[in-house]
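Only one structure is covered here, and it is reproduced in the block below.
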Amino acid sequence: MSDIAIDTTTDAARGRTGRLIVYAIIGVIGICLFLAPFLFPDVRSQEVAARICIFIVLVASYDLLIGYTGIVSFAHTMFFGLGAYGTAIALKLMGPGWDAILLGGALGLIVSLILAALVGLLSLRVKAIFFAMVTLAAASVMAVMASQFSDFTGGEDGIIYKVPKLFSPATKLLTDEDGKVLRIFGAKANGKMAAYYFVFFGSLVLYLIMLRIVASPLGTVLEAIRENEMRAEALGYRVVLYRTAIFCIAALIAAAAGILRAVWLKYTGPETSLSFAIMIDILLMVVIGGMGTMTGAIIGATLMSLAQFYLKDLMEVASEATAGIPLLPDLLAPDRWLLWLGVLFILLVYFFPAGIVGTLNKKGGHP
């Protein structure tokens, strides 16, 4: 009995240590994202930071399905694209006003809700792979429609539009004595900064909403459905209704993330909002961070985004540094970055089988 007690105490201590490590990582990422315009003033770095913010929301909303409820869906980019296209089309037709963002975003959210409810009610009664195939078909249809209805969507070329003047780089939020845009720790206080914080705080609000959902009784019911659907139904829970409800909630949050993406990029096209490659990225981010953990979305989205943007540059430096060593420069050539990204992913899965957060926590149920 004493050995069992010692083992239990040791596991609990490891779990606490793991959670402290996770919270420390999340804290560092949060501070870096909050101060990104000041810490990383160049255009590329701010694009990466904004992408991380948006994908944290997108990944966390998908984790509500696959991690907390056990629903495998390939239609998440469809809702993301609806939010982006709704906003983009409204800004193109109505001009760069807040009314266009509100109207276009609202239409994107409404259409996403309707489609999610239809897909949920019609398809969530089927099991596993069959439902996944239905969602994949729906996402494919939406991608084809975006390409075919070029009069509205711009087809493969997408839509370029203007956003409210507040988000224009030419807008001076603060000025110095000479009337020039004020620099705060080297960063210009202009519309680009305003656009970034619009994305940051919008993403933060959506993320906090999801945290509240998983901590609520609804989150407990979703986990019960994931663990044993038949037992949850035997206890009186209407499983199809709950699965449809969370499917709709996740769709709305994904569409809201699409709105943020559209406002930030000032461009919306199939490759930026409806591509199946985005769905693959979301899946990889969920696996890397840890399914069934909201904090996993932050770590997964951050690591994957940084690798996609900077691994090629690091490999170029490594290739030049090993120029005198046989074979290594060829293996580390920047063109082979996808190969090494795959290797890194395999290593992460091997050493963190439950994802980084899941493995460090030693349990799957922590938010």
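Pairs only if they're at least six apart or on different chains, beta carbon under 9 angstrom, first in the range 108-131 and surrounded by 13 or more Cβ atoms within 10 Å (Cβ to Cβ), second modelled with pLDDT under 75; list them, first residue then second.
Close Cβ pairs satisfying both conditions: 131/123; 131/124; 131/125.
Here are 226, 231, 238: which of them is modelled with pLDDT under 90, more than 17 Å from the chain's Cα centre (by Cα) and over 25 Å from residue 119 (Cβ atoms)?
After ruling out the rest, the residue left standing is 231.
Do any residues in the range 293-320 that are at negative phi and touching a residue at least 60 places away in the same chain (Cβ under 8 Å) have Cβ atoms under 6 Å from those of residues that are basic (Lys, Arg) and part of a helix (DSSP H, G or I), where the two are at least six apart or on different chains, and which pairs are they?
305/51
Evaluate the range 150-157: report whether one residue or more is closer than 27 Å to residue 210 by Cβ and at pLDDT 85 or above.
Keep residues of the range 150-157 that are closer than 27 Å to residue 210 by Cβ, which gives none.
No, the range 150-157 contains no residue that is closer than 27 Å to residue 210 by Cβ and at pLDDT 85 or above.
Pick out the one residue from 172, 180 that is touching a residue at least 12 places away in the same chain (Cβ under 8 Å) and more than 20 Å from residue 71 (Cα to Cα). Give the steps one after another, and end with the answer.
Values: 180 fails: touching a residue at least 12 places away in the same chain (Cβ under 8 Å).
Of the residues listed, the single one that is touching a residue at least 12 places away in the same chain (Cβ under 8 Å) and more than 20 Å from residue 71 (Cα to Cα) is 172.
Could you tell me whether residue 86 is open to solvent by less than 30 Å² (accessible area, probe 1.4 Å) and over 15 Å from residue 258 (Cα atoms)?
No: the conditions fail for residue 86.
Pull up the range 261-272, narrow it to residues that are not basic (Lys, Arg) and not in a helix (DSSP H, G or I), then point me to the one that is surrounded by the fewest Cβ atoms within 10 Å (Cβ to Cβ).
Start the filter on the range 261-272 by keeping residues that are not basic (Lys, Arg), which leaves 262-265, 267-272.
So of that shortlist, the ones also not in a helix (DSSP H, G or I) come out as 267-269.
Details: 267: 18, 268: 30, 269: 23.
Among them, the one singled out is 267.
Can you tell me how many residues in the range 242-292 are touching a strand residue (DSSP E or B) at 6+ places or on another chain (Cβ under 7 Å) and either among the aliphatic types (A, V, I, L, M) or free of Cβ contacts under 8 Å to residues at least 40 places away in the same chain (or both)?
Qualifying residue count for the region: 1.
Considering 110, 56, 101, 66, which residue is more than 20 Å from residue 205 (Cβ to Cβ) and among the β-branched types (Val, Ile, Thr)?
Just a single option satisfies the conditions, and that option is 66.
Every residue in the range 157-200 that is in a strand (DSSP E or B), more than 21 Å from residue 263 (Cβ to Cβ) and open to solvent by 60 Å² or more (accessible area, probe 1.4 Å), please.
Answer for the range 157-200, where residues must be in a strand (DSSP E or B), more than 21 Å from residue 263 (Cβ to Cβ) and open to solvent by 60 Å² or more (accessible area, probe 1.4 Å): 175, 183.
Name the residue that is most open to solvent (accessible area, probe 1.4 Å), counting only residues in the range 213-257 that are in a helix (DSSP H, G or I) and basic (Lys, Arg).
Let us first name the residues in the range 213-257 that are in a helix (DSSP H, G or I), namely 213-215, 217-227, 229-234, 239-257.
Checking the rest, the ones that are also basic (Lys, Arg) come to 226, 231, 243.
Values: 226: 76, 231: 155, 243: 21 Å².
My answer is 231.
So that you can scan it fast, the table gives a plain yes or no per residue for (1) surrounded by fewer than 23 Cβ atoms within 10 Å (Cβ to Cβ); (2) touching a Lys or Arg at 6+ places or on another chain (Cβ under 9 Å); (3) within 24 Å of residue 255 (Cβ to Cβ); (4) at pLDDT 90 or above:
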{"position": "25", "(1), (2), (3), (4)": "yes, no, no, yes"}
{"position": "34", "(1), (2), (3), (4)": "yes, no, no, yes"}
{"position": "57", "(1), (2), (3), (4)": "no, no, yes, yes"}
{"position": "62", "(1), (2), (3), (4)": "no, no, yes, yes"}
{"position": "80", "(1), (2), (3), (4)": "no, yes, yes, yes"}
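Quick one: in the range 278-293, of everything that is modelled with pLDDT of 90 or more and open to solvent by 20 Å² or more (accessible area, probe 1.4 Å), which residue is farthest from residue 156 (Cα to Cα)?
287
Cβ contacts < 7 Å: first residue within 16 Å of residue 84 (Cα to Cα), restricted to the range 136-160; second residue open to solvent by 80 Å² or more (accessible area, probe 1.4 Å) and not in a loop (DSSP other than H, G, I, E, B), any location; separation 6+ or different chain. Result?
Filtered contacts from the range 136-160: 147/156; 159/92.
The values are calculated or read from the model by the stated rules, or taken from the named source; none is laboratory data. All values reported here derive from a predicted model rather than from experimental measurement. All Cβ positions, even for glycine, are placed from backbone atoms using ideal geometry, and neighbour counts span all protein chains on display. In case anyone asks, the SASA skips ligands and DNA or RNA and just uses the protein heavy atoms, side chains included. Shrake-Rupley method; radii C 1.70, N 1.55, O 1.52, S 1.80 Å.
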